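Reviewing the structure listed below.
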Amino acid sequence: MHTMRQILSVATIFQSGMVLQRDKKIIIWGNAPAGSTVTATIEKNSASSVANDQQQYQIALAPMAAGEDFILTITCDAPNERPIELYNISIGDVWLAGGQSNMEFFLRYEQDWKTIQKYEKNPKIHLFNVPQVAFEGHTTHCKSGYGYWLQEGDEGFDKFSAPAYSFARNIQPAIGVPIGIIGCNWGGTSACAWVPEDVLKEAPLDHYLKEYDEAIADIDPDELRRESLNAWKFEDSAEHGKEFEPFLYGRPRAWQLNYMKEHENDPVIPLGPYHMYRPCGLYHTMLSTIIPFSLKGVLWYQGESDAGERAFMYDKLFSGLINQWRKDWGDELPFLFVQLAPFGKWLACSNEAYALVREKQQLVADTVPNCYMASIMDLGNYYDIHPKAKLEVGRRLALLARGHVYGETDLLCDSPRLASAVLTDDNRIDLCFLHADGLTMTDNSNTLVCTADEVPFVPDAVVVENDHLIISVPENVLAGNPKLTVSLGWDDFAEIFIHNQAGLPIAPFTTDVAR
């Protein structure tokens, strides 16, 4: 007896145990027989649409208030199509966690992973990792923990984003409703991988597409495919993963150099249509699979792969991404993002133009509406590109959300920002800061640079007075009325250990001193 194949389906993101966004339209989509009417129902909230000729449907349910233990039913009026029922549905706030390896960074690599495993589980936190698919037909090398909703302690929990999970742990008690985090990230990616072609069509961002076209111009497509798939067998292998994983826990420089020497002949995926880093690739294979799942906002931690010669245009690339995602979702989503941490060398990576990327990140925070940045200039490591204190990163992102998205008044949630720099009558540089309640200094030795006519000088003293940093200038430095400048953390590798009472470090700056 021939059995008809079930066509009615729903996108992978829709599963039992998921969280749907409160107070916004609930968009549901999937496949159904062309011309059939598909109906989605949650309690008394019901809506229908007709599947198009490509057997695709999209339904918009009315907004709902926060709650738990709902059932979502999807039915189709075509014959032999069985209803879909999804259980244990929560309605609360959903955040998308995007970026590269510092966002992808697994919980099991976090320095406090043993402590995390002892936490009392919070049943109102739900997590979902978008499957990592580099190209059509690619079977992801990350199976456990990807493609299904999970909770603390479930299989794959140890592979969830540590900063995004920490954000959830910190924000859920503050907002009092269920929270869902959707991880959509991949280590090593430029932001150009997460946008469509239109974002990159004009100078200077067209550099990414031109660079890609040049890389594949003289390569036979069949040979490129064979070489790529062969390299992917190595990249996806358990053996390679096991050998590389120690670096995520942290290894000294000598170990790194030895690893690079031993593995210099490993297969390398060539840039092309099968590479996860290609421009626009992951936008199509990963991000598009969750558009337009309704969201509260976006968490973003990325920029390392856009340093070096590309750093000068990072503000244009990142703001282009923000604007595109807001367009895709039809929603002016808040973006909370992380400034690059101090870092020097890791494997073959270097910190070239990190200071410029940080400057561009600050520019985005200052000029793009509803964007807020967490500074982590106190959490870096010279020989490790991956700071291990990801719980603290998540805490800082949650503070930004509480203050700027959820409207908690009188909450100190921003890093101190320079407001003014003035030379006083008694030969002291007075730096005044915003968001500087309870300012304290534990160290300024390798981060504060003062110059007179571009010649560095060593202050007689540096002290904190309330929300001011006071720099005593040697009298001989002022001879000739030189131009004075002060910078803090304004170098590719620099650390800042001056914090406000919320434990947030001063954001990097450079400034001329007014007289």
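Things to note:
Conditions (1) of a type in the set (S, T, N, Q); (2) touching a Pro at 6+ places or on another chain (Cβ under 9 Å), marked per residue:
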{"residue": "D410", "(1), (2)": "no, no"}
{"residue": "S415", "(1), (2)": "yes, yes"}
{"residue": "I429", "(1), (2)": "no, yes"}
{"residue": "M441", "(1), (2)": "no, no"}
{"residue": "D453", "(1), (2)": "no, yes"}
{"residue": "V513", "(1), (2)": "no, no"}
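- Pairs meeting the criteria (first residue in the stretch 3-24 and free of Cβ contacts under 8 Å to residues at least 60 places away in the same chain, second residue in a loop (DSSP other than H, G, I, E, B) and open to solvent by 40 Å² or more (accessible area, probe 1.4 Å), beta carbons under 6 Å, at least 6 apart or on different chains) are D23/P63.
- The set of residues in the stretch 10-30 that are open to solvent by 40 Å² or more (accessible area, probe 1.4 Å) and either modelled with pLDDT under 95 or among the polar types (S, T, N, Q) (or both) comprises T12, Q15, S16.
- Those strands (runs of 3 or more DSSP E) lying entirely in the stretch 31-77 with at least 1 residues in contact (Cβ under 8 Å) with a residue 60 or more places away in the chain and surrounded by 14 or more Cβ atoms within 10 Å (Cβ to Cβ): 67-76
- Residues in the stretch 312-367 that are open to solvent by less than 30 Å² (accessible area, probe 1.4 Å) and among the acidic types (D, E): D315 only.
- Residues satisfying the stated conditions in the stretch 167-219, i.e. in a loop (DSSP other than H, G, I, E, B), modelled with pLDDT under 95 and surrounded by 13 or more Cβ atoms within 10 Å (Cβ to Cβ): I219
- When H284 is tested against (1) under 30 Å from D366 (Cβ atoms); (2) open to solvent by 30 Å² or more (accessible area, probe 1.4 Å); (3) assigned to a helix (DSSP H, G or I), exactly one condition is not met: (1).
- If you check L484, L434, L423, L448 for being open to solvent by less than 50 Å² (accessible area, probe 1.4 Å), of a type outside the set (S, T, Y) and under 26 Å from E392 (Cβ atoms), only one passes: L448.
- Residue in the stretch 492-512 that is hydroxyl-bearing (S, T, Y), over 22 Å from G344 (Cβ atoms), touching a residue at least 60 places away in the same chain (Cβ under 8 Å) and not in a loop (DSSP other than H, G, I, E, B) present: yes
- Tabulated pairs, the stretch 196-210, first closer than 15 Å to R310 by Cα, second of a type in the set (S, T, N, Q) and surrounded by 13 or more Cβ atoms within 10 Å (Cβ to Cβ), C-beta under 8 angstrom, 6+ apart or interchain: Y208/S190
- Test: E152 is open to solvent by less than 50 Å² (accessible area, probe 1.4 Å) and not in a helix (DSSP H, G or I): yes
- Lone qualifier among D430, D426 - being over 21 Å from Y354 (Cβ atoms) and either among the hydroxyl-bearing types (S, T, Y) or at pLDDT 95 or above (or both): D430
The values are calculated or read from the model by the stated rules, or taken from the named source; none is laboratory data. Note that the structure is a prediction, hence the values are computed from the model and not measured. Here the Cβ is made from the backbone with ideal geometry for all residues, glycine too, and neighbour counts use every protein chain on show. Side chains are part of the model used for accessible areas, which takes the heavy atoms of the whole protein and leaves out ligands, DNA and RNA. Shrake-Rupley method; radii C 1.70, N 1.55, O 1.52, S 1.80 Å.
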